[in-house]
1. Do the conditions hold for Q205, that is, is it open to solvent by 10 Å² or more (accessible area, probe 1.4 Å), free of Cβ contacts under 8 Å to residues at least 12 places away in the same chain and more than 30 Å from G73 (Cα to Cα)?
2. Run A189 past the list (1) farther than 30 Å from A458 by Cα; (2) in contact (Cβ under 8 Å) with a residue 12 or more places away in the chain and report the number of the one that doesn't hold.
3. What residue, of E216, E177, is surrounded by fewer than 23 Cβ atoms within 10 Å (Cβ to Cβ), modelled with pLDDT under 90, within 24 Å of the chain's Cα centre (by Cα) and of a type outside the set (A, V, I, L, M, F, W, C)?
4. Anything in the stretch 331-358 that is open to solvent by less than 30 Å² (accessible area, probe 1.4 Å) and at pLDDT below 85? List them, or say none.
5. Considering only residues that are touching a residue at least 40 places away in the same chain (Cβ under 8 Å) and either open to solvent by less than 10 Å² (accessible area, probe 1.4 Å) or of a type in the set (S, T, Y) (or both), which ones fall in the stretch 434-452?
6. Could you identify the single residue in A590, A597, A570 that is of a type in the set (G, A, S), under 30 Å from K242 (Cα atoms) and surrounded by fewer than 22 Cβ atoms within 10 Å (Cβ to Cβ)?
7. I need every pair where a residue in the stretch 407-432 that is touching a residue at least 24 places away in the same chain (Cβ under 8 Å) and over 30 Å from P397 (Cα atoms) has its Cβ under 7 Å from the Cβ of a residue that is of a type in the set (G, A, S) and open to solvent by 20 Å² or more (accessible area, probe 1.4 Å), sequence separation at least 6 or different chains.
8. Could you list, ordered by first residue, the pairs with Cβ atoms under 6 Å in which the first is in the stretch 514-537 and under 11 Å from F490 (Cβ atoms) and the second is of a type in the set (A, V, I, L, M), at least 6 apart or interchain?
Amino acid sequence: MKLNREILRLAVPSILANITVPLVGMVDIAVVGHLGAGGGISGAAFIGGISVGTMLFDLLYWNFGFLRTGTGGLTAQAYGRLKAGLPVRSLSVASPRTLPSSGTPNALGEAFSGAPGANSASNAPGEAFSGAPGANSALNAPGEAFPGAPGANSALNAPGEAFPGAPGAKSTRFAPEIASILGRAMRIAMLSGLALIVLQWVVVQLAFLVVQCSPEVRTLATRYFYIRIWAAPATLSLFALKGWFIGLQDSLRPMLIDLWVNGVNMLLSVLLSFGLVLPAGGLLPTLGPGLVAAAGGILPTLGPSPVAAAGVAGGGHTLIPALGFAGVAWGTVIAQWTGLLLALLVARKYLSLNHLLRILCSFCAEDCTEYTDNQKVTSHPSAGVSAKDSATAGHRPSFFTLNRDLFLRSVGMIAVYIGFTVLSARLGDLMLAVSTILMKLLMIFSYFTDGFAYAGEALTGRFLGERSPDGVRSTVRGTFCWGFGLAAVFMLLYGLGSTPLFRLMTSDLAVVQAGRQFIPWLLLMPLIGCPAFTWDGVFIGATASKDLRNSTLLCAVGFFAVWLGGQWWASGSLGIGSMQPETGLHILMAAYFMHLAIRAVYLTLRYKPAVLRPLI
């Protein structure tokens, strides 16, 4: 029950954040869809431009997913080692504060959560429980002074050290391994983002060698890309910070950051695209061309804007100029940079501002040093570690090996998803529409199950750091139970509501009718997708990057093998030829099903040797 609460505590905020992601795209399309034709550019071209531009960034940023996954797995393991009490040398020592406990004792004599004021079930053996008077975190190391005491502001103090802000304390102290993981990831993110800005013209030219579209759509998509690319360092840094927070068993703060970024993005997309005007003599501003304020100026409604036009003509003031199509891109740029600022402010719960600046300015990737005002101390995280712990550490890949493997994993996944889109487009507009809706419905399931994958990632890494095989097994059982329960719910939803869902996505009766024969594939996907997605989280937490890489490359081979074999069976050649479009989409869905099945089966077989065996 305790572990189930931890799984839900980590999963639910991630799910809530995930389901806001498609809302941003919907708002962007709605905004450009109401800009109206102008300058010889149709409304359809505006929508095409935003769609293609967004797709370019999706493909680009997917290659940098390792910044989140790699950082999350490494941080979770480092956090587990900290919780297990592996020594980290420290300058100043304060008397640990422990409070009497009551109720059911936790394992190994620790102060259990549930005592007066306790709010966490994550205390390490013998540590002061969080939730005691003034405490606000469950991230204390064994025996350390708990945060929330007078002057305390950090939850990552090394065991037994003086908490920051206490009388006489001159610097914030923390676990150097955890800080160095974030530092390396942030440096890679910033440098990669700057490299993308420098190479933006090359990226666009290469992208349009693959993406085919009309000249108008290409012009708009290019314009969108050249603006939004300035958010690349912030976007990639947010990847790293999100992984770091999840590794620290904290999914609430990433949720709040995602909600902020997505909310600001949607708001600014509207304001910057349509502008904001204060009419002469008016008390309330009105949205500019394209929108008009409703009665009382409370709810905006879509349509022409005579109010705003009259306001400007009559001497009104333009508060925010209307940027048109470019406003959507600038809204994203501002949202990403403000989101990064918020994330850094939130990170001060764990790290001091001075150390955050050192992380961003340092160029030594393996730096594990800390400074006070007058002296330097070098921490040795491996000090006092048993031979068995050292052997286990030897199974962990290096930071760059891990990220290399995860990058190749991303390439394999991109190959599958691009292949699915390109091949479905060859089957005609009707089958392309059906396959797009099927994939969107499957993505809804993935938004939910990814929350439990994140929980599995955080807890698996933590228990590996603590060297607890039982904890890893319990995490796998728990996340799979929740995942399969969720899969059953979605199978029921797809079975009973597939036609209404199709009608919600399109008013074209031909698409709805054509989609009915593919409902059985929709029912099967959660069943096979659940283990594939859940194992991803477990293996990421275990930093078993080699197996993640191999499983994804194998599933990409399986996807294209099934497609080519199906084509040969249906038409007698490796071209679509005389194959019926409906048959082609059935083969394509079978190929996608095979790619999920290969991931699930391969990672199931590799679970014991890659994840459990190093602990036993």
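The values are calculated or read from the model by the stated rules, or taken from the named source; none is laboratory data. All of these numbers come straight from a predicted model, not from anything done at the bench. Cβ atoms come from the backbone with ideal geometry, glycine included; neighbour counts cover every protein chain shown. Ligands, DNA and RNA are excluded from the accessible area calculation, which covers all protein heavy atoms including side chains. Shrake-Rupley method; radii C 1.70, N 1.55, O 1.52, S 1.80 Å.
1. Details: open to solvent by 10 Å² or more (accessible area, probe 1.4 Å): yes; free of Cβ contacts under 8 Å to residues at least 12 places away in the same chain: yes; more than 30 Å from G73 (Cα to Cα): yes.
So Q205 passes the test.
2. (1)
3. On the way: E216 fails: within 24 Å of the chain's Cα centre (by Cα).
Criteria check complete, one pass: E177.
4. Y350, L351, S352, H355, L356
5. V434, S435, L438, L441, F445, S446, Y447, T449, G451
6. Values: A590 fails: under 30 Å from K242 (Cα atoms); A570 fails: under 30 Å from K242 (Cα atoms).
Only one candidate qualifies: A597.
7. Filtered contacts from the stretch 407-432: L430/A510.
8. Short answer, once both residue conditions are applied: L523/M491; M525/L442; P526/A487; P526/M491; L527/A487; G529/L596; C530/A487.
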